[in-house]
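Engineer: So that we are looking at the same thing, I have put the structure below in structure tokens.
Computed from the coordinates by the stated procedures, all read-outs in this text should not be read as laboratory data. Since this is a predicted model, take the numbers as computed values, not measurements. Here Cβ is always computed from backbone atoms with ideal geometry, including for glycine, and neighbour counts include all displayed protein chains.
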Amino acid sequence: MIGIIGYSRSGKAVASLIKRLGETPFISEKSKDFPDIPYPHETGHHSEKLLKMDMLIVSPGISLHIPILKEAKELGIPIIGELEFASRYLKGRIAAVTGTNGKTTTAALTSHILSRSKRFKKILLGGNIYPGTPLSELVPESNEATITVLEVSSFQLERIQDFRPYVAIITNISPDHLNRYNDFNEYRDAKFNIFKNQTNCDYSILNLDDDNLSSLKVPSKSLYFSMKERTDIYFNEKEVKDGDNRVVFSPDDLSLPGSIFIEDGMAASLVAGIFELPWEEVRMGIRSFRGVEHRMETILKRKDIHIINNSMCTNPVAFARSLEAFPESCVIVGGRIKVIDITPVIEAIQEWAARVILLGESSDTIGERLNEVGFHRYRIASSMKEAVQIAKDRGNRRVMLSPGGSSFDLYIDFTERGKDFRKAVRAIYGE
């Protein structure tokens, strides 16, 4: 029997796939908030029943260091994740995107570009991406001609054994999730697992401007994108060109602000090029792409006001890039900071923010640091609605939710946080 630890989105999906394959899974869920699990199960704890399983599939959010998994490992029970299990049954080729920032937009844009072309019969999008679909749910839809574009997280990549993408993309790597990993190197190495099973028949796409990636040796054929140097695809401060100096797209083709989206566009273009899509079709795909929910998403724009929802911003590097892309704005900042050093957050506020509203458990810490550097244009709010109200009362014409930290202090996830921001904007601005 196969045991599933965690019955959230990926757990439910892989349980359904296992049933479809003719087996019955056993569910072990720590929470008691799942009263209608349609399989043999236990809730409220993880018992020794799991040690009698032939295999354990662990949800991404669950640490491998919990006691029951240590015991299972000692007994030699295979421990994998939903990504690994589902990939064993998926047909066709995989383009997998990971990275600290930009992976969601890159995956969504890649899927969008490929889906617009008549050259491909079926393009699937899923994995860690929101909104999206766990890979287990995509398995029944796949065939040998399918290209599946996946966003994959470091948590998912920790547990792979045979997962092998035809194209593996890393957008960039910077410190993140250090509340889970012992240090940055451990986090970075989890990301590098994406290349673990590739061969010279596969492709990798890497950010040449990232010191963690520029000299990385991988077993696959490497292609590079850069904002600084001429390489396979690069930005020359006016246009994006390929290695033969042909124009691929221009910043005006993007509906999203900021240089980070140029990088995402270059990575997606390289994937399309691997699948032999002409640059003109790539450019048309980029022009028609409208972005991803909660990622630099314009939710109100009129003559006197521009409001952006960037709830997906959960680390300091993404925070700095978002402020650079939308400067002189009133920024709602806070949440659960996942790194020890918040200096990049403070420096970004000093350089680009007009005003700051602090929200969540990191408010006092960020406020103290802002006082230290002489930035006093901030207020602390007790709720999202109060934060938006303060922004309006102060007459700010450019407002952005860009937390820089995770949502787990006040919300279930960044999606719930972004929806609450939209709700507050509708209530206060009347739209």
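Engineer: Would any residue of the stretch 300-322 have its amide N under 17 Å from a label point 7 Å out along Cα→Cβ of ARG394? List them or say none.
Structural biologist: Only 305-310 pass the distance filter.
Engineer: Let me ask something else. Taking the Cα centre of the stretch 93-165 as origin, work out the dipole magnitude from +1 charges on Lys and Arg Cβ and -1 charges on Asp and Glu Cβ, in debye rounded to 20.
Structural biologist: Working: 9 positive and 6 negative charges, 81 e Å.
It comes to approximately 400 debye.
Engineer: Can you give the FRET efficiency for TYR429 and SER382, using 1/(1 + (r/R0)^6), R0 = 22 Å, r = Cβ-Cβ distance, to the nearest 0.05? Mind dumping the intermediate values first?
Structural biologist: On the way: r = 20 Å, r/R0 = 0.90.
Given R0 = 22 Å and the Cβ-Cβ separation, E is 0.65.
Engineer: So for the stretch 275-431, averaging the separation of alpha carbon pairs under 8 Å that are six or more residues apart and normalising by length, what relative contact order in percent results? Let's see the in-between values first.
Structural biologist: Numbers: 268 pairs, mean separation 47.7, N = 157.
In percent, rounded to a whole number, it is 30.
Engineer: Now a separate question. What residues have an amide H closer than 5 Å to that of ILE129, excluding those fewer than 5 places away on the same chain, when H is modeled at 1.01 Å from N in the peptide plane?
Structural biologist: Amide H neighbours of ILE129, under 5 Å, 5+ apart: GLU151.
Engineer: Now for a separate question. Calculate, in nm to one decimal, what LYS19 and GLU351 gain on full extension: separation in residues at 0.36 nm each, minus their alpha carbon distance.
Structural biologist: On the way: separation 332, 0.36 × 332 = 119.52 nm, distance 5.41 nm.
Taking 0.36 nm per residue and subtracting the Cα distance, the gain is 114.1 nm.
Engineer: Can you put VAL345, VAL356 in order, fewest other beta carbons within 10 Å first?
Structural biologist: Numbers: VAL345 28, VAL356 22.
Lowest to highest Cβ neighbour count: VAL356, VAL345.
Engineer: Can you compute 3J(HN,Hα) from phi for each residue in the stretch 396-406, using the Karplus curve 6.51 cos²θ - 1.76 cosθ + 1.60 with θ = phi - 60°, rounded to whole Hz and x for Gly and Pro?
Structural biologist: Each residue of the stretch 396-406 in turn: 6, 8, 10, 10, 9, 7, 8, x, x, x, 6 Hz.
Engineer: List, in order, the whole-Hz ³J(HN,Hα) value for each residue of the stretch 27-33 obtained from phi through the Karplus relation with A = 6.51, B = -1.76, C = 1.60 and θ = phi - 60°; use x for Gly and Pro.
Structural biologist: For the stretch 27-33, the Karplus curve yields 9, 10, 10, 5, 7, 9, 8 Hz.
Engineer: Normalised by the number of residues in the chain, what is the relative contact order in percent for Cα pairs under 8 Å and 6+ residues apart?
Structural biologist: 11
Engineer: So, one more: Using the reciprocal of the averaged 1/r over all distinct C-alpha pairs, how large is the Kirkwood radius of the chain in Å?
Structural biologist: With all distinct Cα pairs of the chain included, I get 22.7 Å.
Engineer: Of the peptides 299-308, 206-215, how do they stack up when ordered by the mean number of other Cβ atoms within 10 Å, highest first? Don't jump to the answer; show the numbers that get you there.
Structural biologist: Details: 299-308: 14.8, 206-215: 18.0.
The peptides rank, most packed first, as 206-215, 299-308.
Engineer: ³J(HN,Hα) across the stretch 135-145 via Karplus (A = 6.51, B = -1.76, C = 1.60, θ = phi - 60°), whole Hz, x for Gly/Pro?
Structural biologist: Karplus-based 3J(HN,Hα) across the stretch 135-145 equals 4, 4, 6, 8, 3, x, 8, 8, 9, 5, 8 Hz.
Engineer: Taking the Cβ of each residue in CYS330, CYS313 as the centre, tally the other Cβ atoms inside 10 Å and list the residues starting with the fewest. Before the final figure, lay out the partial values.
Structural biologist: Working: CYS330 25, CYS313 28.
Least crowded to most crowded, the residues run CYS330, CYS313.
Engineer: Let me ask you something else. Sort largest first and round to whole Å: the equivalent ellipsoid semi-axes of the stretch 211-348, each the square root of five times a Cα gyration tensor eigenvalue.
Structural biologist: 29, 21, 13
Engineer: Of VAL388, VAL331, how do they rank once you tally other Cβ atoms within 10 Å and put the fewest first?
Structural biologist: Fewest-to-most Cβ neighbours within 10 Å comes out as VAL388, VAL331.
Engineer: Continuing with the same structure: Full-extension gain between LYS121 and ASP162, please, as 0.36 nm times their residue separation minus the C-alpha to C-alpha distance. Display every interim value, and only then the final one.
Structural biologist: Details: separation 41, 0.36 × 41 = 14.76 nm, distance 2.62 nm.
Full-extension gain reported as 12.1 nm.
Engineer: Let a ≥ b ≥ c be the square roots of the eigenvalues of the Cα gyration tensor of the stretch 66-217; is it rounded (a/c under 1.5), or, if not, prolate (a/b larger than b/c) or oblate? Can you show the working numbers first?
Structural biologist: Values: a/c = 1.83, a/b = 1.23, b/c = 1.49.
Cα axes put the stretch 66-217 in the oblate bin.
Engineer: Apply 1/(1 + (r/R0)^6) to the Cβ-Cβ distance of ASP33 and ASN200, taking R0 = 51 Å, and write down the FRET efficiency to the nearest 0.05. Walk me through the intermediate numbers first.
Structural biologist: Details: r = 48 Å, r/R0 = 0.93.
About 0.60, to the nearest 0.05.
Engineer: Hey, can you grab everything whose amide H is under 5 Å from the amide H of THR148? Only 5+ residues off in sequence or another chain; H modelled, so Pro and N-termini drop out.
Structural biologist: Amide H to amide H, under 5 Å and 5 or more residues apart or across chains, THR148 pairs with ARG93, ILE94, ALA95, LEU124.
Engineer: Counting Lys and Arg as +1 and Asp and Glu as -1, what is the net charge of the other residues whose Cβ lies under 14 Å from the Cβ of THR365? Numbers along the way, then the final one.
Structural biologist: Numbers: positive: ARG336, LYS338, ARG369; negative: ASP341, GLU361, ASP364, GLU368, GLU372, ASP409.
Neighbourhood net charge equals -3.
Engineer: Looking at the chain, send over the antiparallel percent of its DSSP beta bridges, to the nearest 5. All intermediate terms of the calculation are to be shown ahead of the outcome.
Structural biologist: On the way: 12 of 67 bridges.
Roughly 20 percent of the beta bridges in the chain run antiparallel, per DSSP.
Engineer: Which whole-percent values make up P(r) of the stretch 2-80 when all C-alpha to C-alpha distances are grouped in 5 Å steps starting at zero?
Structural biologist: 3, 16, 31, 27, 16, 5, 0
Engineer: Search the structure for amide H atoms under 5 Å from the amide H of MET55, placed 1.01 Å from N in the peptide plane, and list their residues when 5 or more places away or on another chain.
Structural biologist: GLY3
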